[in-house]
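Chemist: Below is the structure I would like to discuss, written out as structure tokens.
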Amino acid sequence: MSASREHFSSRLGFILAAAGSAVGIGNLVGFPVNAAKNGGGAFLLMYAIFVIVICLPVMIAEMAVGRKTAKNPVGAYAQLSENDSKWRLAGLLSIITPFMIAVFYTVLTVWIFVYLVFAVSGNLDYIASATAFGEVISSPYLFISMIAVAALVRFILVSGVKDGIERGARIMMPALFIMLILLVIFVLTLDNAFAGVEFYLIPDLDKITPKVVSNALSQAFFSLSLGMGILITYGSYITKETDIAGSAKLVALTDTSVAFIAGLMVLPAIFSFNPNVNPNELSDSGVSLIFNYLPKIFLALQDSTGYVMASVLASVFFLLVFFAAITSLVSIIEVPVAYLIDEKKQTRKKALNTMFLWAGLLAFLTILSAGMVDWLTSLTSYGGKSRSLFDLITDMFYDTILPLNGLLICLFVSYRWKSQKLNEELSIGNAEFSKTFLAKYTNFALGTFIPVFVAVIFIDTVARTYFGYNFFG
Ligand code: TRP
């Protein structure tokens with residue numbers, strides 16, 4: 001089986017694909033706003049430390065498990081635990097989680113696609129209007145857009161790892177960097193832009209509370225595609241010549257840089273639009289920022305640039321976000337697809353059809369749950385709030401089960417597979433690895449404080465989300 005497994009063509013191809021997975025909507029808008037509100041430079045520093053100290057070892061562990069077994073997460077857990085049924089369950093969780101995340105992320109991507117089409121077709125004034133978002137999320141266009149997004153993702157995935165996933169990333173990632181840099185340069189020339197830079201970067205230690213620390217850690221963890229089975233799956237497609245630890249460092253660096261640079265676009269744009277803005281009052285959610293706030297900023301640019309140029313900039317921005325979303329969506333859908341191919345012996349085409357049927361059906365219901373159908377919109381309630389199907393999926397899988405999966409992989413690698421074996425795998429492609437500080441650190445940290453930190457996030461999320469109880473104030 002593993003002899004015929006497809007591989008990424010090179011280390012760069014793998015890094016671009018994994019970075020494409022990690023860079024998403026959260027990097028482009030969630031991160032900058034979070035940073036600005038929560039201590040600026042102090043938050044950035046803390047975030048960077050968490051990426052290195054907590055996330056990097058987990059990323060390395062996931063990639064190593066994938067490459068060692070050349071299997072999807074279920075197969076990987078099963079093989080390394082010698083079919084221990086407890087660990088099979090952990091593997092299964094690593095398939096269900098990405099499946100459910102794919103469902104809600106599809107909905108977000110579809111919304112972005114609709115905004116992109118509006119911006120490109122000269123309707124920036126419409127998407128900047130107060131009622132647009134509410135109308136878009138309950139419009140029949142969504143279903144056509146969903147078909148378009150699904151067709152694009154299927155087109156990429158059907159060609160396989162090298163000609164599909166890797167080629168997609170090789171086109172979209174450089175395009176994404178270029179668009180991001182162009183937008184940053186443009187935004188920094190606007191009046192008052194530097195007030196935004198200042199707000200973003202000047203450290204404010206007083207704002208660093210336990211809650212902010214815990215947010216920074218969860219944001220870093222989620223942003224890097226950890227706990228989703230993605231890095232196990234992508235890891236299963238890397239060749240034995242590839243240096244895993246070195247690649248993981250570059251993926252983490254790319255993801256963090258994109259998030260950081262995005263802040264140099266988003267915050268100056270906000271300040272230029274409204275010099276008296278108090279970023280602390282901006283909504284926490286990337287969703288409301290992208291769909292309600294940023295279109296207004298782009299429209300306001302027409303006073304200085306004219307409507308056409310403002311529309312061009314908005315189009316570039318939405319294309320950027322769209323590319324970021326597509327590369328993430330591709331990576332997350334590949335996980336259950338790889339499972340169906342490896343474990344259920346389906347062909348790639350058949351696996352994709354199975355996936356699109358079920359994910360499509362659920363995504364359809366999730367789209368309806370954003371206001372179109374009442375019982376799906378107010379499906380349930382917990383933690384003192386009414387929750388839609390969309391909210392339920394995000395809370396359960398994105399917020400809750402993700403850290404649990406992270407915890408399981410740390411425990412699995414340290415106590416079942418064992419550090420010795422991890423080191424052996426990591427030394428393939430990097431003969432000196434076990435002598436490095438990173439090797440010693442990774443072995444120690446994965447078996448000790450990383451699982452403790454991740455467990456704390458898990459417990460805090462459960463308490464806060466389902467019981468409305470805040471440990472961290
Ligand atoms: N970094 C992504 C974001 O900021 C989060 C993410 C990581 C993600 N991997 C993913 C989302 C895979 C969807 C699918 O949005």
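The values are calculated or read from the model by the stated rules, or taken from the named source; none is laboratory data. It should be emphasised that the depicted structure is a prediction, and the values quoted were computed from it without experimental measurement. Glycine gets a Cβ as well: all are built from the backbone with ideal geometry, and neighbour counts include every protein chain shown. Surface accessibility is based on the protein's heavy atoms, side chains included, excluding ligands, DNA and RNA. Shrake-Rupley method; radii C 1.70, N 1.55, O 1.52, S 1.80 Å.
Chemist: Check cross-link reach from Lys37 to the lysines: straight Cα distance under 16 Å, and skip same-chain residues fewer than eight apart.
Modeler: Partners within reach: Lys207, Lys211.
Chemist: Give me the percent of accessible area attributable to carbon and sulfur for the chain, probe 1.4 angstrom.
Modeler: Ligands and nucleic acids excluded, carbon and sulfur reach 66 percent.
Chemist: What three numbers, in Å, describe the spread of the alpha carbons of segment 112-219 along their principal axes, ordered from the longest?
Modeler: 49, 39, 33
Chemist: Then there's this: Give me the percent relative contact order of the chain, please, defined on Cα pairs under 8 angstrom at least 6 residues apart.
Modeler: 31
Chemist: Post the alpha-carbon centroid distance, segment 456-470 to segment 185-222, in whole angstrom.
Modeler: When both Cα centres are located, 25 Å separates them.
Chemist: Given a 1.4 Å probe, how much area per residue of segment 27-144 is accessible, in Å²?
Modeler: 30
Chemist: Give the range of the longest stretch in the chain that excludes all GluC sites (Glu not before Pro) found in loop regions by DSSP and having at most 14 other beta-carbon atoms within 10 Å.
Modeler: Free of exposed loop sites, the longest segment is 242-431.
Chemist: Which helices pass in the chain if a helix is a full DSSP H run, must span at least 24 angstrom along its long axis by Cα, and must have mean Kyte-Doolittle hydropathy not below -0.5?
Modeler: 85-120, 141-158, 167-188, 244-273, 307-343, 348-368, 449-467
Chemist: From the C-alpha gyration tensor of the chain, pull out the three semi-axes of the equivalent ellipsoid (sqrt of 5λ each), sorted largest to smallest, in whole Å.
Modeler: 34, 25, 22
Chemist: Moving on. Leaving out ligands and nucleic acids, and using a 1.4 Å probe, what accessible area per residue does segment 338-473 come to in Å²?
Modeler: 49
Chemist: Given the peptides 395-408, 354-367, arrange them by the average over their residues of other C-beta atoms within 10 Å, most packed first.
Modeler: Taking the mean over residues of other Cβ atoms within 10 Å, the ranking is 395-408, 354-367.
Chemist: Just to be sure I understand the model, the point goes 7 Å from the Cα along the line to the Cβ. What's the resulting Met372 to Asn123 distance in nm?
Modeler: Going by the 7 Å Cα→Cβ label model, 1.5 nm.
Chemist: Let me ask something additional. Once Rh is set to the Kirkwood radius over Cα pairs, what Stokes-Einstein translational diffusion coefficient, in µm²/s, holds for segment 372-473 at a temperature of 25 °C and a viscosity of 0.890 mPa s?
Modeler: So the translational diffusion coefficient is about 153 µm²/s.
Chemist: Another question, then. For the chain, what does the helix formula give at 222 nm: sum of -39500 (n - 2.57) over DSSP H segments with n ≥ 4, over the residue count, nearest 500 deg cm²/dmol?
Modeler: It comes out at -21500 deg cm²/dmol, rounded to the nearest 500.
Chemist: Quick one: ranking Phe298, Phe317 by accessible area, 1.4 Å probe, largest first, what do you get?
Modeler: The ranking, largest first, comes out as Phe298, Phe317.
Chemist: Once the whole set of protein chains is in place, how much accessible area is left on Arg5, using a 1.4 Å probe, in Å² to the nearest 10?
Modeler: The accessible area comes out at roughly 30 Å².
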